[in-house]
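First the structure, in the form of structure tokens, and then the observations on it.
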Amino acid sequence: MRPLPALGFAVVAVVGATALLTACRNALPTTSFLHKRAAPESKSTSDARHRFDHALHAEVLAAQGQTCADCHRFDVIIETGEPALASDISARALHPGGAACHYCHGPGETKMATAPGTCTTCHTNLLPLRPTDHDVSWIRVHASVAQAQPGQCENCHKQSECIYCHETRDTIQTIVHDRNFLYFHSIEARANPMQCGSCHREDYCIRCHQQGKPEVRQ
């Protein structure tokens, strides 16, 4: 039997490695290292538009002297014979957008005292509201931003959320990871050890490995 040439051996090795990785992905729990990221959620904020209640706002807006024309435009001419298309264009043209809502509800000098300022009052999908600076290394750099502009963080987060995260980051309590992450964390720790340091102190890892079990705080 002739030995496989070098190229043939390389092909066999690649195929074998691919098969092994596929088997691992199917057998092991879902982790960001072994599995592809889930598809991003919708970026639409239409959920807030559909939750607007004219009857609820009528008395308040009337007291402020606001009329329909202050929020809606009526100067759009729609020329189409398709009823569905005309309805869609009309709805989009008349929708005032978030600026009109945020004038009373959002943070700022124009906010009304009686207008709720919590995002979830109108929004059920908070992903479109996530600031763009949160997407890259935000866990590592958010401390300096929070110290410089604490009011900016409080637009979305309660102070208790910060306290909870910082007090439980080096405990067995699961905040970010899957419940079984303890048994497979070494894979991600070896692939990207700097990522672990974004939340955990080095002495926490050392204590855990020396004791043979995670530290549990009561």
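The values are calculated or read from the model by the stated rules, or taken from the named source; none is laboratory data. Quick caveat, the model's predicted, so the values are computed rather than measured. Please note: Cβ atoms are built from the backbone with ideal geometry, for glycine as well, and neighbour counts cover all protein chains shown. Each accessible area value is taken on the protein alone, full model and side chains, heavy atoms only, with ligands, DNA and RNA left out. Shrake-Rupley method; radii C 1.70, N 1.55, O 1.52, S 1.80 Å.
Here are the numbers:
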item: Residue in segment 138-146 that is among the aromatic types (Phe, Trp, Tyr) and touching a residue at least 24 places away in the same chain (Cβ under 8 Å) present; result: no
item: Segment 61-103, residues that are of a type in the set (Ser, Thr, Tyr), assigned to a helix (DSSP H, G or I) and open to solvent by 60 Å² or more (accessible area, probe 1.4 Å); result: SER87, TYR103
item: Selected residue (only one of HIS209, HIS166 is modelled with pLDDT of 80 or more, in a helix (DSSP H, G or I) and surrounded by fewer than 13 Cβ atoms within 10 Å (Cβ to Cβ)); result: HIS209
item: Count of segment 123-149 residues which are open to solvent by 50 Å² or more (accessible area, probe 1.4 Å) and over 27 Å from CYS196 (Cβ atoms); result: 3
item: Among residues of segment 94-136, those that are modelled with pLDDT of 85 or more and basic (Lys, Arg), counted; result: 1
